[in-house]
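J.: What follows is a structure written as structure tokens; I'll ask about it next.
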Amino acid sequence: MIRLLFASCLISLLAAPLQAQQRFRRTSFPVNSFIINPAVAGTEPVTVLGSTYRHQWAGFDGAPTTTILSAHSSFPNSLGAGVIFYTDDMGGAVSQTGVEIAGAYKINLPNTDAVSFGLSLQGIQFGFDSSDLNVWDQDDPALTGGMETSFSVDASTGMMVYGTDYSFGVAISNLFQSNVNISGVEDEYNQHIRHYRFMGSYTSDVSSKVAVQTSGMIRLTEVTPAQLDFYSRAIYSVYQVAYWGGAGLRVGDAITFSLGAEFASVGLSYSYDITTGDNVLSQHSHEINLTYILAHRRGFGKNTLSSKRILDSKRLVK
């Protein structure tokens, strides 16, 4: 039944229409998926430290950049916890800096699978700098000619069903849709918008050294159409090193290519996007992900599922 639900979810993802997305994106979304869903916290018997840097539409001044730092770990009694720090420059005038503190609880299912529920508290610093803008209407009340900032508190929640070879779930950000409080903007547009993410992933063994992971994610808000990411990568493991290469499609927006490796406890990957949509600013985006894995000693978190990873069975850590 679990695998049937996963297949149904993946088919729904592939059939969905898509357009654009507001919240920051990642090409290598299967890598350190805790950034996407707080329910991932504690689903590995390790502590995962991660960092991401993304340069979107590279090649012109003011191109968006995103930096993310994260950590999550498992604890006794089926608990998990984690934290995320990020700064998202959306293109010069608009920026966000935020922190999320997450907790998760796991329930074992009758088979070898489990379901995890996560909740996180968000603190968001929003900034709008209109001082360097070239504008048509100098009397526009939404433009003060200076820097405006606001701080708001919100929350995210998520759920994930998972086993040794698959996972699927849903996450919702900006649950309370807190106010941004930027002057000159109508109240109905002056708030953080609720974001929905549906994600599924399945890894199949081709041989004792080769595996293929296929992943899909759909992202949407209550005011924008859905956007679909589809990604697949081949993983080659030898001794204590795993190498992988992959390609993906962000329908209506870009095709992507990625390379990466994990040696013992360190993972590094690079992704390159080629824009296929109507964006005339630049066709090129770059993303770098770095992870570091701290193994738990003396059985700490040993009952956590999905432990069939690179540390013992040549799998990549989430």
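The values are calculated or read from the model by the stated rules, or taken from the named source; none is laboratory data. Keep in mind it's a predicted model, so treat the numbers as computed, not measured. Here the Cβ positions follow ideal geometry from the backbone for every residue, glycine too, while neighbour counts run over all protein chains shown.
J.: Looking at segment 91-124 only, could you name the residues that are farther than 18 Å from residue 167 by Cα and either surrounded by fewer than 17 Cβ atoms within 10 Å (Cβ to Cβ) or in contact with a Lys or Arg (Cβ under 8 Å, 6 or more places away or on another chain) (or both)?
T.: Across segment 91-124, the qualifying residues are 91, 92, 93, 94, 99, 101, 121, 123.
J.: Residues that are under 24 Å from residue 277 (Cα atoms) and of a type in the set (Ser, Thr, Tyr): list the strands (runs of 3 or more DSSP E) wholly contained in segment 35-118 that include at least 1 such residues. Quick ask: steps written out before the conclusion?
T.: Working: elements: 46-55, 65-75, 79-89, 94-108.
Passing ranges, in order: 46-55, 65-75, 94-108.
J.: Could you please find all residues in segment 180-225 being modelled with pLDDT under 90, among the β-branched types (Val, Ile, Thr) and under 26 Å from the mean Cα position of the chain (by Cα)?
T.: Those that are modelled with pLDDT under 90, among the β-branched types (Val, Ile, Thr) and under 26 Å from the mean Cα position of the chain (by Cα): 180, 193, 221, 223, 224.
J.: Further, regarding this structure: Note down all Cβ pairs under 7 Å where the first residue falls in segment 71-86 and is crowded, with 17+ Cβ neighbours inside 10 Å, the second is of a type in the set (Phe, Trp, Tyr) and not in a strand (DSSP E or B), and they're at least six residues apart or on different chains.
T.: 72/34; 82/34
J.: If you don't mind, another one. Restricting segment 267-288 to residues that are in a strand (DSSP E or B) and β-branched (Val, Ile, Thr), which is surrounded by the fewest Cβ atoms within 10 Å (Cβ to Cβ)? Steps first, answer last, please.
T.: As a first pass, look at segment 267-288 and keep what is in a strand (DSSP E or B): 267-275, 284-288.
Still in the list and also β-branched (Val, Ile, Thr): 274-275, 288.
Values: 274: 11, 275: 18, 288: 15.
My answer is 274.
J.: Does any residue of segment 227-239 turn out to be touching a residue at least 12 places away in the same chain (Cβ under 8 Å) and part of a loop (DSSP other than H, G, I, E, B)? Walk me through it before giving the result.
T.: Pass one, segment 227-239, residues touching a residue at least 12 places away in the same chain (Cβ under 8 Å): 227-238.
Keeping just the survivors that are part of a loop (DSSP other than H, G, I, E, B) gives none.
No, every residue in segment 227-239 fails to be touching a residue at least 12 places away in the same chain (Cβ under 8 Å) and part of a loop (DSSP other than H, G, I, E, B).
J.: Is there a residue in segment 216-236 that is in contact with a Ser or Thr (Cβ under 9 Å, 6 or more places away or on another chain) and more than 22 Å from residue 52 (Cα to Cα)?
T.: For segment 216-236, residues in contact with a Ser or Thr (Cβ under 9 Å, 6 or more places away or on another chain) and more than 22 Å from residue 52 (Cα to Cα): absent.
J.: Quick test of your reading of the structure: residue 171 fulfils all but one of (1) surrounded by fewer than 16 Cβ atoms within 10 Å (Cβ to Cβ); (2) of a type in the set (A, V, I, L, M); (3) at pLDDT 95 or above. Name the failing condition by number.
T.: (1)
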